[in-house]
Amino acid sequence: MNQHTGDTEPIILFDPYPRSKDLIFRPEVWKRLRSLGTIITHDEGRMPAELFDRFLPEAAVLIGQTDMPTEQPHTLPDAYTFEHYEPLRKILRN
């Protein structure tokens, strides 16, 4: 697990499996993404359910193809909407 710390920054859950960060983001885009929040990621295979469940309640953004079993509903906090992350939207469009 890699965690880029920041006490007041939004949490970004990044689960790139089956790809890698380097296949998804150019280095300059990854650097800009890191500047927007605390990135929680898992580099070896799919993100473990325990890690996902631990950070999802606080997550502002989820990037990836994370398994979300239907028997255990997951929701992001109501306080966060994608409109709050116009900088992220711009980064992901580049």
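The values are calculated or read from the model by the stated rules, or taken from the named source; none is laboratory data. Predicted, not measured: the structure shown is a model, and the values here were computed from it. Here Cβ is always computed from backbone atoms with ideal geometry, including for glycine, and neighbour counts include all displayed protein chains.
Quick rundown of the values:
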| read-out | value |
| --- | --- |
| Residue that is surrounded by the most Cβ atoms within 10 Å (Cβ to Cβ) [pool: residues in region 1-15 that are modelled with pLDDT of 90 or more and not acidic (Asp, Glu)] | LEU13 |
| Residue list for region 73-94, restricted to those being over 15 Å from the mean Cα position of the chain (by Cα) and modelled with pLDDT of 55 or more | GLU86, LYS90, ARG93, ASN94 |
| Residues of region 11-32 classified as more than 10 Å from the chain's Cα centre (by Cα) and more than 11 Å from THR66 (Cβ to Cβ), total | 15 |
